[in-house]
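Here's the structure, in structure tokens; my notes come after.
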Amino acid sequence: MLVIAHRGFSSQYTENTIIAFQQALMLDVDAIELDIHQVEHEFLVFHDPYVNKLTNGKGRIFDMPLSQARQLIVNGKDLIPTLGEVAALIGDQVILNIEVKSLQSVQEFVVYVKNFIAAYRCKVVISSFDHPLLMAIKTSFSDFTEAQLSSDDAYPVEFGALIAHAPFDHARYASNLGVLIAATDWNTVNAGFVEDAHRRGKQVWCYTVNHQETLLDLLDIGVDGIFTDRPDWARQFITDRESTSQTAV
């Protein structure tokens with residue numbers, strides 16, 4: 001099971017900050033997830049549309065001039081990082097899972113991501129709850145991805161479609177969208193969903209898993225990856241359970 005650090009090591013450090021990502025990289029994680037909003041021609045790593053809760057500012061981040069957004073202080077000490085800064089930090093160490101919250105230009109975003117993949121050899125997954133936006137991004141990436149697949153140095157982009165409900169037809173939506181990852185709320189997933197996804201050649205990633213009972217359930221039904229605020233705990237729990245299972249055999 002993949003352990004994905006949700007907004008970095010966010011149980012111990014402020015979410016979506018450089019320190020949270022640095023600390024996550026010190027753990028045994030498979031991926032780091034973050035959220036982005038486009039502000040002018042830059043892409044800022046921040047979850048909420050409103051900055052009121054976590055910063056010394058007010059209003060919606062995507063309505064601000066970039067110069068103003070870049071001066072905001074998160075929890076009294078951290079600046080909001082750019083996606084490029086985080087990509088440079090992560091490089092090819094783990095998967096970089098970018099959840100797109102708001103975009104003004106799909107083309108600008110795609111060019112931006114192409115550039116940092118080339119510069120830092122990042123392994124990228126792009127996800128969103130906004131499926132039309134996700135498809136627009138995927139379509140824009142398609143020629144690039146196909147060209148890169150022929151290269152030994154290639155890092156193709158994968159896509160994950162986020163949902164927060166239990167569909168009647170399980171993971172069919174992921175097949176219809178042509179994405180690899182059916183990403184869903186742990187509280188709505190079940191064994192039938194996972195079995196259907198695997199029959200379709202899809203992976204199931206579940207958010208946000210921070211408790212033992214939930215993690216046990218997801219391991220039992222074969223979920224492929226979890227987003228967690230507690231990546232240190234999750235990796236240790238999974239490792240201990242695997243050791244116990246092997247000993248029992």
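The values are calculated or read from the model by the stated rules, or taken from the named source; none is laboratory data. A quick note: this is a predicted structure, and the numbers were derived from the prediction, not measured. Backbone-built Cβ (ideal geometry, glycine too); neighbour counts: all protein chains shown. Accessible surface is based on the protein model in full, side chains and every heavy atom, while ligands, DNA and RNA are left aside. Shrake-Rupley method; radii C 1.70, N 1.55, O 1.52, S 1.80 Å.
Side notes on the structure shown:
- Accessible surface, 1.4 Å probe, highest first, among residues TRP186, TRP205: TRP186, TRP205
- Rounded accessible area of VAL125 (nearest 10 Å², 1.4 Å probe): 10
- Viscosity 1.002 mPa s, 20 °C: Kirkwood-radius Stokes-Einstein D of the stretch 5-78 over Cα pairs, µm²/s: 169
- Taking a straight Cα-Cα cut-off under 29 Å and skipping sequence neighbours fewer than 8 places away in the same chain, the lysines within cross-link reach of LYS58 are LYS77, LYS101.
- Carbon + sulfur, % of accessible area of the chain - ligands and nucleic acids excluded, 1.4 Å: 48
- Taking a point 7 Å from the Cα of LEU79 along the Cα-to-Cβ direction, the residues of the stretch 40-54 with backbone N closer than 17 Å to it are 40-46.
- GNM top mover of ALA118, ALA31, ALA171 - the chain, alpha-carbon springs below 10 Å: ALA118
- PHE62 accessible area, 1.4 Å probe, all protein chains in place, Å² to nearest 10: 60
- Extension gain for TYR173 to GLN68 (0.36 nm times residue separation, less C-alpha to C-alpha distance): 33.9 nm.
- Per-residue [θ]222 nm for the chain (sum of -39500 (n - 2.57) over DSSP H runs n ≥ 4, rounded to 500): -11500 deg cm²/dmol
- Accessible area expressed per residue, the chain, with surrounding protein chains retained (probe 1.4 Å, Å²): 46
- Square roots of five times the Cα gyration tensor eigenvalues for the stretch 44-118, Å: 23, 15, 10
- Those lysines that a straight Cα-Cα span of less than 22 Å connects to LYS202, excepting residues fewer than 8 apart in one chain: LYS123, LYS138
- Think of each Lys and Arg Cβ as +1 and each Asp and Glu Cβ as -1; about the Cα centre, that makes the dipole of the stretch 1-139 roughly 120 debye.
- Computed magnitude of the charge dipole of the chain (debye, nearest 20; Cβ of K, R +1, Cβ of D, E -1): 400
- About its Cα centre, the dipole of the stretch 39-99 is roughly 320 debye, where the only charges are +1 on Lys and Arg Cβ and -1 on Asp and Glu Cβ.
- Cα convex hull, the chain: 135 Å³ per residue, rounded to a whole number.
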